[in-house]
Amino acid sequence: MFFYVQGPNNHDLMPLEKIFDRRFVNKTEAIDPSRTIAPKQRHKFSDKHKLSLTANYAYKAVDKLPENGPELFARQVMTTPVVTLTSKMSVEQTLTIFQTTHLRHLPVISSNGKVTGIVSDRDILRYMAGLYGNYLKNPASHKVNDKVEQLMQSPVLTASQQTDVRYIARLFIERRVGAMPIVTDGKLKGIITRSDILHAVMSHYEIELWI
């Protein structure tokens, strides 16, 4: 299972610890009581104690989630073949493809089939509206004959065909990723979108998505 950061001139392995958020809650630890609890007061703490034990059990269960449940790999879920763009295609051509295919993400590939970037429908609408990624106005004029390389997102995060779908689903939530190109040796083999994840859950209802 591998994730890569991929662009026109790079295909770099991305360790899991660098792309996933850390937990917001630390593990529970045993502490020494600051004072002895009187027998008459113990019943007051019984419910809190039960809640603490339940929380501790839950944290331990979360630690084991990646090792439990059936695995579902990217190659089983990905859409293939993939509708793609080249960096030299025009914005007008790209708009036409979005309109005719009703897709929301289109990978950009080089002449040898390697992923160099990705374009979403929102990227192209922002570009045509003259907006930056943070929705601030861009004084530069954008035209329909501009090239895709001027607006594509690059480098792009990709995954191997052997990647566990649960990791991809988690990335979609944590990093607000809308689509994940699936590659072998940098070359595009398929793509996974949020819709593909939803279909996977519906078809493989026993899978546990530990987000």
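The values are calculated or read from the model by the stated rules, or taken from the named source; none is laboratory data. Just so it is clear, the structure is predicted and the values come from calculations on it, not from any experiment. Note that each Cβ is placed from the backbone with ideal geometry, even for glycine, and that neighbours are counted across all protein chains shown.
For this structure, a couple of remarks:
- Where a residue in the stretch 175-190 is among the charged types (D, E, K, R) and its partner, wherever it lies, is surrounded by 20 or more Cβ atoms within 10 Å (Cβ to Cβ) and assigned to a strand (DSSP E or B), with Cβ under 7 Å and at least six apart: K189/I182; K189/V183
- S34 vs. criteria among the small types (G, A, S), at pLDDT below 95, more than 25 Å from S160 (Cβ to Cβ) and not in a loop (DSSP other than H, G, I, E, B): no
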